[in-house]
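K.L.:
Dropping a structure here in structure tokens format, bear with me for questions.
The values are calculated or read from the model by the stated rules, or taken from the named source; none is laboratory data. Since we're looking at a predicted model, the values are computed, not measured. Don't worry about glycine lacking a Cβ; one is built from the backbone with ideal geometry, like all the others, and counts go over all protein chains shown.
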Amino acid sequence: MSSSAPSAAPPRQGGPRPSPPVVSLRSSRPRYGEKILYAGLVLAAGVSILTTVGIVLSLIFPAIRFFQEVSIGEFLTGTSWTPRFADKSYGVLPLITGTMWTTAIALAVSVPMGLGAAIYLSEYAAPRVRKTLKPVLELLAGVPSVVYGLFAVTFVGPVILQGVFGINVGTFSVLAAGLVLGVMIIPTVASLAEDAMSAVPRSLREASYGLGANRMRTVLRVVFPAAISGIAASIVLALSRAVGETMIVAMAAGGQARMVGSATEEGQTMTGFIAATAMGESVQGTLAYNTLFAVGLTLFVITLLINLISIKLVNKFREVY
Amino acid sequence: GGQSGGTATTGTDGAAAGGALAGSIVTDGSSTVGPLASAAAELFMDANTGVNITVGTSGTGGGFKKFCAGQTAISNASRPIKEEEIALCKAAGIEYQEVIVANDALTVVANKDNSFLTCLTVEELKKLWEPAATGTVMTWDKVKADFPSEPIKLYGPGTDSGTFDYFTDEINGEEGASRTDYSASEDDNVIVQGVTGDKNALGYFGFTYFEENADKLKALEIDGGQGCVAPSSDAARDGSYAPLSRPLFIYVDKKAWTRPEVKAFVTYFVDNDAAIAEAAKYIPLSEEQKTKAKEEITALG
Amino acid sequence: MTTSTVEPTEQPRRLVAAANGDRDLTSLVFLVLLWGCLAFGIFSLAVLLFNTAMEGAGRLDAQLFTNYTSQLRPESAGARAAIFGSLLVMLTTAALSIPLGVAAASYLEEFASRENKFAQLVELNVQNLAAVPAIIYGMLAAGFAVLIGLPRNTVLAGAIALALLILPVIIVSTREALRAVPREIRQGSLALGASPMQTLLRQTLPAAIPGIATGTILALSRAVGEAAPLLLLGGLVFVRFDPNGLLSGFTTMPIQIFDWAGRPQVAFQELAAAASIVLLGLLLAMNALAIIIRNKFSSQR
Amino acid sequence: MHSGPSPEVAGGAPVAPISTNISVEGSHERAEHLVDSPHAVMTCTDVSVYYGKFRAVNECTMPIARHEITALIGPSGCGKSTILRALNRMNDLIPGTRVTGQVAFHEIDIYGKDVDPIEVRRRIGMVFQKPNPFPKSIYDNIAYGPRVTGMKVASMDDLVEESLRGAALWDEVKDKLKQSAYGLSGGQQQRLCIARTIAVRPEVILMDEPCSALDPIATSRIEDLMVELRKQYTIVIVTHNMQQAARVADRTAFFTAEAAEGSGDRTGHLVEFDKTVKIFGNPADKRTEDYISGRFG
Amino acid sequence: MHSGPSPEVAGGAPVAPISTNISVEGSHERAEHLVDSPHAVMTCTDVSVYYGKFRAVNECTMPIARHEITALIGPSGCGKSTILRALNRMNDLIPGTRVTGQVAFHEIDIYGKDVDPIEVRRRIGMVFQKPNPFPKSIYDNIAYGPRVTGMKVASMDDLVEESLRGAALWDEVKDKLKQSAYGLSGGQQQRLCIARTIAVRPEVILMDEPCSALDPIATSRIEDLMVELRKQYTIVIVTHNMQQAARVADRTAFFTAEAAEGSGDRTGHLVEFDKTVKIFGNPADKRTEDYISGRFG
Ligand SMILES: Nc1ncnc2c1ncn2[C@@H]1O[C@H](COP(=O)(O)OP(=O)(O)OP(=O)(O)O)[C@@H](O)[C@H]1O
Ligand SMILES: Nc1ncnc2c1ncn2[C@@H]1O[C@H](COP(=O)(O)OP(=O)(O)OP(=O)(O)O)[C@@H](O)[C@H]1O
Ligand SMILES: [Mg+2]
Ligand SMILES: [Mg+2]
């Protein structure tokens, strides 16, 4: 083996030379550009805080004016919502039941369908099949909600629900709106969940297969748990989209706020109410108009609560890496 | 803003004459007036290609909010401006002029195959629609004894529409006074569908919608005290279709009026009122109304 | 050393699955369920497309692209202003949201430590904003526009609403993509004397591009199809000119479709369906572009 | 067993290069008992493996003798891992991989039509080069295999302890069985993976450089364990460590890869397969001799 | 240089266990010239490293001599990788890691206030245990370092070739420099990573088991290379392979980890640091002797 002469002064060779002994370990370059970039990143991150502050401010002041006239108790527990009728009452529960129905129906459709599709695409489908089908499925999320709204009113309600299944729904129903809403958010669930499962290292799958686990068990017991945080995130996103979706429910769920007792009834959701009022005839600044912000604030708080619960859930379910 | 101050070129002063005019005019307001204003804008722009007119439909209230903030030159309204809005404009220093542009007639419609509904009195309509009817007046015999005991199915516009405000005011005596157990929709097509699909259904909306769907629906005659009158242009204009006919307005910002394209557009709107209304299937101004409109323009300066 | 409680497997004569194969009943049922899930989504899409195409096919002509909307001539009206409006709004939204989102995600994922209070606050905000309904962003943008004196119905105001709306989605998906980049790659880069910023720009971000592109395109396609926040900014707009800047008035495809769908004339209904097809085509093109980008980058691995 | 440091080293005097000192320590005793045609649990006949169009291994034929340890050695990239993965159809999981020829397990072609690859993998276990514990607790990592294969186990706790002891990991983790396996060092993780494989008691265990992340002490424990395990199982091991092959393997297969004419692709192939004592003592092929003596490259 | 297979092995007769055969081959010649207090490029003084509350390495003091190869050996989990990463602040990247004591580089504390960790890593390069090529072409992998550090290079092509030759990879990849590095085998990838580090010409190169994924031929080439490189660079290598340490290292540090009282956590510490010939020939500490003779565990 090569063993050189003891090196007091090693022979130098061509090419770049090693750095001479240092005097300082300070930056060799000032990197001002990087500092500016870094400041930019921090600012960009700060935008999300500003957005939240902006939302709260733009909702809270008109809402306060509303609650100066209507007690919070009446608002939260009243079962009648007729701010534009002569006999006014301001109980938000009808809007909330409407939202709950459409959301529950939508999730009942999108979570199983979306996760099923995600599992199939990430674990079963051949690469070429996945490459074709995934974008097709993603298209569902891209279909504008206005088009879905039309579809729900003109097709799902009258043709599918009444015609095919013989369900006695009117022109509007939370069922038709919820179903279509569910179809719309399938890719929200599927796409993120698939990404999360695909990100699970292959070595984990190999370990499982190497132990004699079949595909189904590998999927359910290794891949799925390993991807649970991404999967939970996908469901939360779906949930918040269902609660917050406006056009479909505005067009298909109904325009009348009422306590919704069953899926075949019509009912107005919180978002549907906001859209209607924003485009409506109410004089701005009046109590009737400020309902907009009271409902908007309620919607905001509800989605906030959903989200806090889901963050808790994610932490609980996640297996520590 | 890019459009309210965007008068780069000077146009010929006066009525719509040639394509020398340029600039943009922002209008917003009632969704009832929207199609009429759109028709006027379209016809005007055909003759004046340099002018861009946008028509928003934020609702009469939303329109006034922007109007009184100086963001629009013209506000479309299906009702006269209200106290609160007057105050708003005043506070912002916006001076304006109301101009009457057309008429609307709320039309009460029933299914084509319905045999017993042809004419309703205002009292019967009230019985049918008043708040007290909620949950009690559920079959037709409750409205009038000789009607059959069939279930009532009602359709109406969303509570945030000017149509709702106007109908409840005229029939039930108070804006917003209405029974609550009916199907409400922002989309009048749904009312058309609902009534078409149910023999015992009844609904109401603007005359335009009826005109478009006259083959599918039956418009009811209304007895306002002087006998049954069917909704029609003439009946609306001469006031015999009472109390369900109403005037429609535009509000013009006096500052915007100094811009030649605005002046030209508003003048064009009033001068060609009959053609515009006919094209948009609205009810044109009567002679007196037209005179009044001209006076209102003169008041603008 | 080991005395096993479990004896090694019997001499196998058969290697056919007992109860644990991929072809046992549970696995097959599971697989069929998965197929069903995927088929449901795709079948729904097919029905929707077919239904829309059947309704809109008659108006899927050149005029749809070259003509402006018309109040008076629905038979020849087009979606030109809405198409340009959607494109301009989308570009503006992308220009606002992608740099912001990627930058924020990079900061959170690559620079902020877990203990950093500011980063924790940002993270909490991003998580919550992801759950905030679209329509609330409309209310925010409306308030913001009033605050800075920006007319609400402008491209810029609309794009701000949509950019803030999709910002959390972009941040979340970018972070996921960054996280999926193996740690070894960062370590390798840093060990060569690259700064964290160089590592981010030259290794981590490029490696994450496929993931970022997927998330961003999903987010943008959501923005393009979104109508609710824009409705709060100015309602439906009758626009007969191409938007010509960030402060220009505009309408977008979804709003135009919503407007047409609510008109009484059948011709407008048809137009709405035809415009839906165009909008779907636009989204198809966006998705195709995304896939091309994704494949190009992932093949470099 | 081990003597102290060699006096030669202590004196600092030049000694012969390491590569000539390979001792077939464990095997030599057994070597006399090894039959020439053993009972083969598995047999490869003309096995070639392709990644897409690229042929990584060409026509390999060799038996895997029952209750013996077979070592696969050879330079990097010669296809050792590839052929190993072909033995339990792990290759199925890499899209585009194709195997020709026959891999028989108890005379059944594991690539046959009726064969379930899952059943194959259950009976032919595998330990990988890089540690790949599941993101679960240490306990659940071990219990996973028995659970998913529906193994009947009297006491899972006992099985877990036994498996961990077998992998020389028990003492280090016995107090934190419920903690995540990701908290372990690389070496500990790899031993956990070995324990996990032992837990399902397959008939054949394939090991792809199982000790490359282990220190000598743990390595020697694992080697002891392999020797112990061969009483009940058949073991195939890929290793870069020729001393290891010499110490534990009964038979050794030497692979190499040569560039094909024209293309830059190197296709691996089996050069020599024989008893370990023969391979290290008296190789038949010049390339084998060069390789084990360190002359080959 | 290498003799043929040892006749003892060929005869199949029992030979002494491998662990006693460690030869300090390369070093012994140099050993005589090694001064007792060399010029230390780096010096660790009472360095402890914590992962959160867990102390992984306790109070380590040792010099890293200029133009020498220093080996860190010891059982798995004793903190070799941890201390190595502390030498160029790679630990900064693991949240919750804390270093106390002093790590001096040319008498400057690299954890000092004014020190830029980027500059530290530029001057003190690192090769990792798992190959970590970038998802780029082979060429770009090599060129990356020179580019980002703003190195002035006459011809990048030459530098790339030179670096690849240095890592004994040139012949295998010269025709596919523009292809993705991910297409290489594990061994090839690791050699690429070594080439990449060489390309930025750091003053010190830290290597964490750089050969654990390499076959003996490539390993020996790398070892030759290390010996060659020490003429210009200072090298610190973590290895499990004691033969390797003996072959290439001038000085060797032996670490071990003992469980602290009460807790199950094992804290690593430096047991003995000396010239390699001393460590392998005549260790001062009983534990060192036990470890290198294989008795320790
Ligand atoms: N998934 C793959 N796709 C394409 N080629 C591959 C793949 N895996 C390995 N190869 C190639 O096949 C050849 C054999 O690889 P293999 O990993 O079997 O070698 P090995 O002998 O195990 O090497 P090492 O000792 O480095 O682990 C190599 O040239 C490698 O580049
Ligand atoms: N990121 C980390 N967080 C917490 N503990 C760690 C982390 N990395 C290593 N450790 C722990 O620190 C100790 C020393 O680990 P280190 O990786 O330095 O050992 P090593 O000597 O390199 O072992 P090996 O030979 O297995 O590579 C181990 O007990 C390990 O579990
Ligand atoms: Mg291998
Ligand atoms: Mg280590």
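Okay, residues lined up against (1) modelled with pLDDT of 85 or more; (2) more than 9 Å from every other protein chain (Cβ to nearest Cβ); (3) in contact with a strand residue (DSSP E or B) (Cβ under 6 Å, 6 or more places away or on another chain):
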residue: C:ASP242; (1), (2), (3): no, yes, no
residue: C:PHE258; (1), (2), (3): yes, no, no
residue: C:GLY262; (1), (2), (3): no, no, no
residue: C:VAL266; (1), (2), (3): no, no, no
residue: C:ALA273; (1), (2), (3): yes, no, no
residue: C:VAL278; (1), (2), (3): yes, yes, no
residue: C:ALA285; (1), (2), (3): no, yes, no
residue: C:ALA290; (1), (2), (3): no, no, no
residue: C:ASN295; (1), (2), (3): no, no, no
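K.L.:
If we scan the stretch C:102-113, do we find a residue that is more than 10 Å from chain A (Cβ to nearest Cβ), closer than 24 Å to C:GLU226 by Cβ and assigned to a helix (DSSP H, G or I)?
P.N.:
Checking the stretch C:102-113: not a single residue is more than 10 Å from chain A (Cβ to nearest Cβ), closer than 24 Å to C:GLU226 by Cβ and assigned to a helix (DSSP H, G or I).
K.L.:
Could you say whether any residue in the stretch A:224-234 is assigned to a loop (DSSP other than H, G, I, E, B), within 7 Å of another protein chain (Cβ to nearest Cβ) and either surrounded by 24 or more Cβ atoms within 10 Å (Cβ to Cβ) or out of contact with any strand residue (DSSP E or B) (no Cβ under 7 Å at 6 or more places or on another chain) (or both)?
P.N.:
The answer is no, given that none of the residues of the stretch A:224-234 is assigned to a loop (DSSP other than H, G, I, E, B), within 7 Å of another protein chain (Cβ to nearest Cβ) and either surrounded by 24 or more Cβ atoms within 10 Å (Cβ to Cβ) or out of contact with any strand residue (DSSP E or B) (no Cβ under 7 Å at 6 or more places or on another chain) (or both).
K.L.:
Here is a follow-up. If you take the residues in the stretch D:198-213 that are farther than 18 Å from D:ALA71 by Cα and of a type in the set (Val, Ile, Thr), which one is nearest to the other protein chains (Cβ to nearest Cβ)?
P.N.:
Result: D:VAL200.
K.L.:
Kindly list the number of the only condition in (1) at pLDDT 90 or above; (2) more than 14 Å from chain C (Cβ to nearest Cβ); (3) surrounded by fewer than 17 Cβ atoms within 10 Å (Cβ to Cβ) that fails for A:THR79.
P.N.:
(1)
K.L.:
Now, a different point. Exactly one condition in (1) of a type in the set (A, V, I, L, M); (2) away from chain E (no Cβ under 14 Å); (3) without any contact (Cβ under 8 Å) to a residue 24 or more places away in the chain is not met by C:ILE166; state its number.
P.N.:
It fails just one condition, (3).
K.L.:
Moving to a separate point now. Can you name the residue in the stretch D:238-251 that is touching an Asp or Glu at 6+ places or on another chain (Cβ under 7 Å) and within 15 Å of ligand 1 (Cβ to nearest atom) and is also modelled with the lowest pLDDT among such residues?
P.N.:
This residue is D:HIS240.
K.L.:
Sort out which residues of the stretch C:106-144 are free of Cβ contacts under 8 Å to residues at least 24 places away in the same chain and hydroxyl-bearing (Ser, Thr, Tyr), and write them in order of number.
P.N.:
Those that are free of Cβ contacts under 8 Å to residues at least 24 places away in the same chain and hydroxyl-bearing (Ser, Thr, Tyr): C:TYR107, C:SER113.
K.L.:
Still on this structure, please answer the following. Would you please name the residue that is nearest to ligand 1 (Cβ to nearest atom), looking only at residues in the stretch E:86-106 that are in contact (Cβ under 8 Å) with a residue 60 or more places away in the chain and more than 9 Å from chain C (Cβ to nearest Cβ)?
P.N.:
E:LEU87
K.L.:
Let me ask something else. Of all residues in the stretch E:107-135, count the ones that are more than 7 Å from every other protein chain (Cβ to nearest Cβ), at pLDDT 85 or above and buried (at least 17 other Cβ atoms within 10 Å of the Cβ).
P.N.:
5
K.L.:
To continue, here is another question. Does D:LEU229 fit the bill of being at pLDDT below 85 and more than 16 Å from ligand 4 (Cβ to nearest atom)?
P.N.:
So D:LEU229 passes the test.
K.L.:
If I filter the stretch D:170-206 down to residues being part of a loop (DSSP other than H, G, I, E, B) and under 24 Å from D:GLN232 (Cβ atoms), which single residue comes out as farthest from ligand 4 (Cβ to nearest atom)?
P.N.:
Taking the stretch D:170-206 first, the residues part of a loop (DSSP other than H, G, I, E, B) are D:177-179, D:184-185, D:200-203.
Filter once more, so that each one left must be under 24 Å from D:GLN232 (Cβ atoms): D:200-203.
Working: D:VAL200: 28, D:ARG201: 31, D:PRO202: 29, D:GLU203: 34 Å.
Taking the candidates together, the pick is D:GLU203.
K.L.:
Scan the stretch A:155-181 residue by residue and report those that are within 11 Å of chain C (Cβ to nearest Cβ) and under 22 Å from A:GLN256 (Cα atoms).
P.N.:
Listed by number, the residues that qualify are A:PHE155, A:VAL156, A:LEU179, A:VAL180.
K.L.:
Filter the stretch E:227-244 for residues that are β-branched (Val, Ile, Thr) and in contact with a strand residue (DSSP E or B) (Cβ under 7 Å, 6 or more places away or on another chain); which is farthest from ligand 3 (Cβ to nearest atom)?
P.N.:
E:THR234
K.L.:
What number of residues within the stretch A:123-134 satisfy the criterion of being more than 7 Å from chain C (Cβ to nearest Cβ), over 13 Å from A:VAL189 (Cα atoms), not in a loop (DSSP other than H, G, I, E, B) and not β-branched (Val, Ile, Thr)?
P.N.:
Counting residues in the stretch A:123-134 that are more than 7 Å from chain C (Cβ to nearest Cβ), over 13 Å from A:VAL189 (Cα atoms), not in a loop (DSSP other than H, G, I, E, B) and not β-branched (Val, Ile, Thr) gives 5.
Residue-by-condition table, conditions (1) in contact with a strand residue (DSSP E or B) (Cβ under 8 Å, 6 or more places away or on another chain); (2) in contact (Cβ under 8 Å) with a residue 40 or more places away in the chain:
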{"site": "B:ILE53", "(1), (2)": "yes, yes"}
{"site": "B:SER58", "(1), (2)": "yes, no"}
{"site": "B:GLY62", "(1), (2)": "yes, no"}
{"site": "B:LYS65", "(1), (2)": "no, no"}
{"site": "B:GLY70", "(1), (2)": "yes, yes"}
{"site": "B:ASN76", "(1), (2)": "yes, yes"}
{"site": "B:LEU88", "(1), (2)": "no, no"}
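K.L.:
Let me ask something else about it. Consider A:GLU194 carefully, then state whether it is at pLDDT 85 or above, under 20 Å from the mean Cα position of the chain (by Cα) and charged (D, E, K, R).
P.N.:
yes
K.L.:
Here's a follow-up. Since B:GLN193 meets every condition but one in (1) of a type in the set (S, T, N, Q); (2) within 30 Å of A:GLY157 (Cα to Cα); (3) at pLDDT 90 or above, which condition does it not meet?
P.N.:
If we test B:GLN193 against (1) of a type in the set (S, T, N, Q); (2) within 30 Å of A:GLY157 (Cα to Cα); (3) at pLDDT 90 or above, just (3) comes out false.
K.L.:
Sticking with this structure for a sec: Within the stretch B:119-223, which strands (runs of 3 or more DSSP E) (wholly inside it) include 3 or more residues that are more than 12 Å from chain A (Cβ to nearest Cβ)?
P.N.:
Of the strands (runs of 3 or more DSSP E) lying wholly inside the stretch B:119-223, those with at least 3 residues that are more than 12 Å from chain A (Cβ to nearest Cβ) span B:119-121, B:201-205, B:217-219, B:221-223.
K.L.:
Anything in the stretch D:57-85 that is away from ligand 3 (no atom under 13 Å from the Cβ), surrounded by fewer than 24 Cβ atoms within 10 Å (Cβ to Cβ) and either at positive phi or of a type in the set (Gly, Ala, Ser) (or both)? List them, or say none.
P.N.:
The answer is D:GLU59, D:ALA65, D:HIS67.
K.L.:
In the set C:ALA39, C:ALA95, which member is more than 10 Å from every other protein chain (Cβ to nearest Cβ) and either small (Gly, Ala, Ser) or outside any helix (DSSP H, G or I) (or both)?
P.N.:
C:ALA95 is the lone residue from the list that is more than 10 Å from every other protein chain (Cβ to nearest Cβ) and either small (Gly, Ala, Ser) or outside any helix (DSSP H, G or I) (or both).
Yes/no per residue for (1) in contact with a Leu (Cβ under 8 Å, 6 or more places away or on another chain); (2) polar (S, T, N, Q):
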site: B:VAL33; (1), (2): yes, no
site: B:THR49; (1), (2): no, yes
site: B:VAL55; (1), (2): no, no
site: B:PHE64; (1), (2): yes, no
site: B:GLN71; (1), (2): no, yes
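K.L.:
Would you pick out the residues in the stretch C:249-290 that are of a type in the set (Ser, Thr, Tyr) and under 18 Å from B:SER38 (Cα atoms)?
P.N.:
Once the filter is applied, which keeps residues that are of a type in the set (Ser, Thr, Tyr) and under 18 Å from B:SER38 (Cα atoms), the stretch C:249-290 yields C:THR251, C:THR252.
K.L.:
Right, another one. Could you please let me know if A:ARG221 is part of a helix (DSSP H, G or I), more than 10 Å from chain C (Cβ to nearest Cβ), at pLDDT 85 or above and over 22 Å from the mean Cα position of the chain (by Cα)?
P.N.:
Numbers: part of a helix (DSSP H, G or I): yes; more than 10 Å from chain C (Cβ to nearest Cβ): yes; at pLDDT 85 or above: yes; over 22 Å from the mean Cα position of the chain (by Cα): yes.
Spelling it out, A:ARG221 is indeed part of a helix (DSSP H, G or I), more than 10 Å from chain C (Cβ to nearest Cβ), at pLDDT 85 or above and over 22 Å from the mean Cα position of the chain (by Cα).
K.L.:
For A:ALA108, are the conditions met, namely being surrounded by fewer than 21 Cβ atoms within 10 Å (Cβ to Cβ), within 20 Å of C:VAL32 (Cα to Cα), away from chain C (no Cβ under 11 Å) and without any contact (Cβ under 8 Å) to a residue 60 or more places away in the chain?
P.N.:
Considered against the rule, which asks whether it is surrounded by fewer than 21 Cβ atoms within 10 Å (Cβ to Cβ), within 20 Å of C:VAL32 (Cα to Cα), away from chain C (no Cβ under 11 Å) and without any contact (Cβ under 8 Å) to a residue 60 or more places away in the chain, A:ALA108 comes out as no.
K.L.:
Considering only residues that are at the interface with another protein chain (Cβ under 8 Å from one of its Cβ atoms) and over 30 Å from E:ALA40 (Cα atoms), which ones fall in the stretch A:22-42?
P.N.:
A:ARG31, A:GLU34, A:LEU37, A:TYR38, A:GLY40, A:LEU41, A:VAL42
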